[in-house]
Every structure is written in C-alpha cells, then in structure tokens.
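Student: Quick one: this structure, given as structure tokens, is what I'll be asking you about.
The values are calculated or read from the model by the stated rules, or taken from the named source; none is laboratory data. Here the structure is a predicted model, which is why all the values come from computation and not from measurement. No Cβ is skipped: glycine too gets one built from the backbone with ideal geometry, and neighbour counts run over all protein chains shown. Just the protein is used for accessible areas: all its heavy atoms, side chains included, with ligands, DNA and RNA removed. Shrake-Rupley method; radii C 1.70, N 1.55, O 1.52, S 1.80 Å.
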Amino acid sequence: MIAPLRKKSHIFLLAWLSAAVLASAIWGVLEYRRLQGEFERSARLAHGMVARKLDQNESVLSAIDAFQSSRPDLNLGALRTFSRQMIAHYPQLYTVEFFQHVTRQSRPAFLKAMTARLGASFFIRDYDLDGRRSWQPSPDNRDQYLVVTMMEPDLPSANPVYGFDVLNEKHFSAPIRQALLTGRKTSTPPFELYEGGKAYMLVKPLYLGHAGEARAGAAGRELVGMAALLIYCEKLMKLPGSDLDFYLKLRQNHAGRQPFYASHHHASHADWWPVLFRLEMELPVGGEAQPFLLGVAKEVRTADLHILSLLLANIAILVLFVSAWWSYLQRQALKVAQQQADEAIFFQSERAAVTLNAIHDGVITLRQDQTIEMINPMALALVGLPASEVVGRAYQDVFRLLNELAAELAEDPISECFHTGRSVEFPDRMQLASAKGQVRLVEGAVAPLFSRDGQLTGVVCALRDMGPIRQRAAEALAASELRVKEHLEKLSHVARLHTMGEMASGIAHELNQPLTAISNYCQASLQLMEMVEEPVPQVESALRLAVAQANRAGEIIKRLRALVSKRAMETRLVDLNQVVGNCMFLAEYDFKARGIEVVQLLYTYSVPVMADSIQLEQVLLNLLSNAMDALADEPSMKRHIIVHTRREGGKAILEVRDTGRGITPEILEVLFHPFFSTKEHGMGLGLSICQTIVEQYGGLISAENILASGACFRIELPLSLNVERRHPS
C-alpha cells in the first residue's frame, strides 16, 4: 500500500510543478500585454500633449502673421506688445523674435536708425559657431540681410544677439531661404542656446499689406522681415506626472538619426530595482513646418509587475493539488471501508423487503430456478393468493403474463429476461392471469440480478395494475371531451346567431335603399300626373298603391333589422388572459397542421372586462383564422403569430399580430364592411361580426400594418373597475 502511494505522490508533485510553470508563463504573457497596453496609452497621451503644443506654436506664428498683414507698415512696438501677450499663454516659447529685412540699398538707413535706438556699438554681425564662437561684423557687400531687431522678452544676456544676420548663417540659411521662397512656416535645425539648453526656431516671412493681400500670397508684396519663435525643448517636452523617457528627432530620413533632444523621468524609490526590459515606440508629431518624431520609452522594472497575483495563483495551485492529494488519500481509505461495508450490506435483504412492502407497485423476486423468493403485499393482491402459497413455487404456477391479442406464441418477459440477462419492458396491453382465473391489465418491467462475479442469480419483476388508472384516465378524458364539445357547440351557436344577425342587418340595409328609390320615383310620377289635364285614374291609383307597398316593405325591413340587432347580452367578469388560453387550446391543432409558431405575451396580472366569454372567443378565433390565412404563402420559418394582452390606463388591450405581407391601404378602408371579403368563398361577415361584438361592450376594434412585420388587429375594451383597484397596472 505504501509503495503505490509513494509513486502517486511523485506524479502529484510533477503535475504541481508543471501547473506552476504553466501559470507563471501565462502570467508573464498577461503582464507583458498589460504593461504594453499601459505604455501605449501613456505614449499616446504624451503624443497628444506634444502635438497640441506644436500646433500652438504654429497658431502663434499665424497670429503674428495675421497681425502684421492687417497693418500697412511695420510697428515694432505694437508687434512687441502682441508678442508679449502670446508668450504669457504658451510657456514653451522662449522668445518671439523679429528679423528685419535689410537690402544693400537700405543698409545705411537701417544702421542709422538702429544706432539711434541701441547705441553706437550696434553693427550687423555674424556668429562663428564652428570656430572662435564669437561675434564678428558682417560683410557690407551682401544683397540682403535678415537682422535680429526685436526680442520678446528682451533678455539682458541676449543683447549681443541684436544685429545678428540669420539669413547668411549657414546653420539657419537653408530653412530660412526655403521659408522666403515658399512663404510658409519652416523650422530650423536644433541648436544650443547661448544661455544653455536645446532649442529650435519656427520662422515665417512677414510682408507689408492688408489681410486680403496677405491671403493672396507673397507675390507682389514688400518683404518686411521674418517672425521667429524660439522654442525651448525643455519646456516643450515637459509633461507633468509622467514616468516615461522622451526624445525628439527629425522625421526626414530618420532611420539611424540621433535624437536632438532627450529627457528622462525623475528618479523614484523604485529605480533601484533591476531593469527587466525596455518598451519603446516612435510616433510622428507636428506637420510640415515641424517634422519631428516623438520617441517614448519606459524601463520596466520588477516593481512594475504585479508579483502578488503570481504568488496568489501559485498558492491557489498548490492548495488545489494538496486538496486533490488529500482527497485521493481519503478516497483510498473510503474504498477500503466501502469494501467492508458492501459485504455487510449485501446480506441486508430484510431492509429491502421493508421498502418493497411500503410501495404501491407489485414487486416479485425470482431465484435462478424461476421460483418466487420474495413478494410484496401489492403483488400478493394482484395474484390473489397468500404469501404462504406463493413463496417457493414456480411463478408459472402462481400467475402468467399474456400478451393481449397476440397472433403467435411469444416468450413472456420473465423468461426472456432469464434467457438474455437484460432488462425487459412489458409490451402494451400486457395481461396478468392469476391461478384463480382473474385477468388484469398490467404494465411494468423485469430486471436481472447478478452476483459479484457477474453470474445471473435471479430477476426482479415490477408490476402495476393499470385497470383503475386507465378507468380514471378514461373518465377524465371523456369529461374533458364533453366540456370541449359543449364549449364548441356554444361557440358555434353564437357564431351562427351573429352571422344570421349580421346577414339580416346587411340585407335590410341593402334593400332599404332600392325601396326608398322606388317610393321616391312613384312620388315624382304622382306629382307629374298632377300637371296633366286629364290623368288616368287607374295609373294614379296604381302609383299610390305602389308607394304604400314600398313604405310598408320598408317598415317590415326596419322592424326585422331592429329585431335581429336587439340581442340580449349576458355579460359577466371575464379575464382576457383566460379567453386567450381557451382559444389557444381550441386552435392548437390548426397551428401545428399549418406549421405556425404562436407567441403569447400575456399581462402579468389578470385583464378583467365585462363581456360574454363565448363572444370574445368567437372574435379572437376569427382574428386567429385570418392570421393563419395570411401566413399560408409565407415560408415555414416566417410563420409567427403574436397574441399580446396588456393594460393601458383604463383600457384592456388585446392585439393579434402576424408576420404576413400586411393589408393594402384600399382593403383597410373597407375591411369591416358587411359582405366584403378577400377570400374566394367568404361571406364577408367575419370582421363585421367582430366589430359588432366589440362595440356592443363599449370597445373598439382596428387594424393597421406593422412596418416589415405584417398586420396587427387591436381590440380595446373598458377595464372592470373593481378588479382594477385590486391589481393596479
């Protein structure tokens, strides 16, 4: 016993280790995806913030251009004031500068004006970036200059920049000349500031002229200079609350290009953890004027991982396997105990006998030699003998099982079970004949009994007397059929009365019109004869008799119509849900025969109305019949009828919807007219009768088309007030 358990323990240990490794691998994949997703969201957010700042730069430059284009001349004071207002709103702007356009001809006047403004030390100067890194005078033979003449804010440390010719500085010359050529905004390559730090300039040429001329383009207008935004990379890339590393590089031919600016997040308490891997992505930012790539990176450290979830998962796996091992040990112990208990339970037949004596089915246990070993009281009642005359005898001497109306000799179920060793169900109409000659209709089955080694040791026969059960079922079925027959007779009788009444009313209505016409024609003829000098007395008498007979016929028809329309109404409290249930029972066969699915959407509580239930059933059956006819040409999968009951305020609503093709507008107008029918052999009185029945209870019936869903007939009846108070809608 110990050796198998030790072997099993090794298997459990190996399985636990495999599960732990698999869980760790899955956790690692999920953690990587989580970190990657969080990093991408943070990078997109940072990209949006930087892109917004770059858009702000271009907007400020466009505002300066619009400001200058709206003025007829150059006013550095106004331009300085406007630039100061812009800088106050956008911290990434280091300075706003203006480079005045100076030609060889205008150079003396420009120097005179600037000397008066800034002192005798002012001169147009170049800066040696690559050599001495100092200021030196610009040659006076250049055709044109772009000279720094305004800076906002006016920093004292940047005074030497005044007079700087940026047009002929090789570091800025190419982008500035491109801006002059195209008239568009252009950014210069990044450079180190005089005060320290990385920056770049966003420049745009400015022209004299009005706003309309500015929109027309630079052609034909006088170049006044160039506006420049000195953008400080440190403030441009300052993103509060971020733990990411950022860098900027030029977008053109960026493959292999080094970033011109990089920033790292501030150190935190978690930075002492080792770096596991680095996440990085580059996103294009800015437009044609500022063609940059924003690089975002993050060093993932151990502190960024959810180690606790991995520990909990491994602990859960360990607990699961320990529980499984404990359960296995318990099952082994239980298996040993169960083997011992089975030996004791095997001989407890007396308990089984007590159980068999308490049930209402007859149970007979037979030995292998087909003699009766045990029989319960119900089986003794079936065979009509005491237990002393039954136990130990062959079952053929006590009772026989016969198949009623059998055409050939067949083996009884008990013998078949002994021969085959399988359970045998009694066939229909099986009879039990006792030794005393009593015959009973029974049902049941025979099941084999096996020993521990699989040998057949006997069978168990279960019997049930079907005589009383069949008698009760037959009586209940007969009573049900009688109720249905009486209900259908009432429904048919009411339908015939309504049909006869509607037909008589319709005929009276139709005949009344020609009789009125005859009377009118005769009256007119009498008036014409009064104009004749010698009227024929016989003709006048005949016409007066014709008028009298026409009036008499009209009175007879009027009385007949009044007679058939004054039917006595026997109203009582009726539940519309119950009416629907009755009609569903009566029409169930037709629904199945035509392959129609019916959906009942019934109100939760009762829907009480004062009416005659038979008449309401006649109305609903008529609507269901019309709905079934409307679905005759539809595919089987589209044959649906929906019956819906509900309350709306003080009204009870009953709707019958179908999924057919609907009703044409022409037919909708005359749908409830007497003698109108769309069926080949229809009388045209069904819907007219429905309208008469509903209206006599103070209700309303209408029809409409549901878009892409067939037709809907709607019945509205007044709710019964007493029941409505008990079940408010």
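Student: Of GLU169, GLU97, GLU152, which residue is touching a helix residue (DSSP H, G or I) at 6+ places or on another chain (Cβ under 6 Å) and among the charged types (D, E, K, R)?
Tutor: Checking each option against the conditions leaves just GLU152.
Student: Given the criteria under 22 Å from GLY225 (Cβ atoms) and touching a strand residue (DSSP E or B) at 6+ places or on another chain (Cβ under 7 Å), does ASP65 qualify?
Tutor: In short, yes.
Student: For segment 104-126, which residues satisfy the criterion of being in contact (Cβ under 8 Å) with a residue 24 or more places away in the chain and open to solvent by 40 Å² or more (accessible area, probe 1.4 Å)?
Tutor: ARG104, LEU118, PHE123
Let's see how each residue does on (1) closer than 28 Å to LEU146 by Cβ; (2) open to solvent by 50 Å² or more (accessible area, probe 1.4 Å); (3) at pLDDT 85 or above:
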position	(1), (2), (3)
ALA211	yes, no, no
ALA219	yes, yes, no
LEU223	yes, no, yes
LEU230	yes, no, yes
ARG251	yes, yes, no
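Student: Scan the strands (runs of 3 or more DSSP E) fully inside segment 419-471 and keep the ones with 1 or more residues being within 55 Å of the chain's Cα centre (by Cα) and small (Gly, Ala, Ser).
Tutor: Hits in segment 419-471: 439-450, 456-465.
Student: Additional query: Being surrounded by 20 or more Cβ atoms within 10 Å (Cβ to Cβ) and under 29 Å from PRO718 (Cβ atoms) is the requirement here; does GLY699 meet it?
Tutor: yes
Student: Take the residues of segment 115-169 that are part of a strand (DSSP E or B) and β-branched (Val, Ile, Thr): which is nearest to THR103 (Cα to Cα)?
Tutor: Among those that are part of a strand (DSSP E or B) and β-branched (Val, Ile, Thr), it is VAL147.
Student: Would you mind listing the strands (runs of 3 or more DSSP E) fully within segment 576-668 where at least 1 residues are within 15 Å of ILE715 (Cβ to Cβ) and of a type in the set (Lys, Arg)?
Tutor: In segment 576-668, the matching strands (runs of 3 or more DSSP E) lie at 640-648, 651-658.
Student: Then there is this: Taking the criterion of being touching a strand residue (DSSP E or B) at 6+ places or on another chain (Cβ under 9 Å), open to solvent by 40 Å² or more (accessible area, probe 1.4 Å), of a type in the set (A, V, I, L, M) and at pLDDT 85 or above, would at least one residue in segment 670-693 satisfy it?
Tutor: No: segment 670-693 contains no residue that is touching a strand residue (DSSP E or B) at 6+ places or on another chain (Cβ under 9 Å), open to solvent by 40 Å² or more (accessible area, probe 1.4 Å), of a type in the set (A, V, I, L, M) and at pLDDT 85 or above.
Student: Sticking with this structure for a sec: With respect to GLU570, determine if the residue is modelled with pLDDT under 75 and either in contact with a Pro (Cβ under 9 Å, 6 or more places away or on another chain) or within 30 Å of LEU717 (Cα to Cα) (or both).
Tutor: Answer is yes for this residue.
Student: Which of the residues belonging to segment 127-178 are over 26 Å from LEU93 (Cα atoms) and surrounded by 15 or more Cβ atoms within 10 Å (Cβ to Cβ)?
Tutor: SER138, ARG142, GLN144
Student: Mind checking which pairs have a first residue in segment 282-294 that is under 11 Å from LYS185 (Cα atoms) and a second that is open to solvent by less than 10 Å² (accessible area, probe 1.4 Å) and not in a strand (DSSP E or B), Cβ under 6 Å, 6 or more apart or different chains?
Tutor: Here the result reads GLN290/LEU54, each pair linking segment 282-294 to a residue that is open to solvent by less than 10 Å² (accessible area, probe 1.4 Å) and not in a strand (DSSP E or B).
Student: With the structure loaded, tell me whether ALA88 is open to solvent by 10 Å² or more (accessible area, probe 1.4 Å), under 25 Å from LYS198 (Cβ atoms) and of a type in the set (Gly, Ala, Ser) or whether it fails that test.
Tutor: yes
Student: Could you please find all residues in segment 615-664 being charged (D, E, K, R), open to solvent by 50 Å² or more (accessible area, probe 1.4 Å) and farther than 27 Å from TYR605 by Cα?
Tutor: Within segment 615-664, ASP629, ASP633, LYS638, ARG639, ARG661 meet the criteria.
Student: Can you tell me which residues in segment 20-29 are at pLDDT below 90 and either of a type in the set (A, V, I, L, M) or open to solvent by 70 Å² or more (accessible area, probe 1.4 Å) (or both)?
Tutor: Selection gives ALA20, ALA23.
Student: Return the residue satisfying two criteria in turn: it lies in segment 529-547 and is within 21 Å of PRO514 (Cα to Cα) and open to solvent by 100 Å² or more (accessible area, probe 1.4 Å), and of such residues it is modelled with the lowest pLDDT.
Tutor: LEU545
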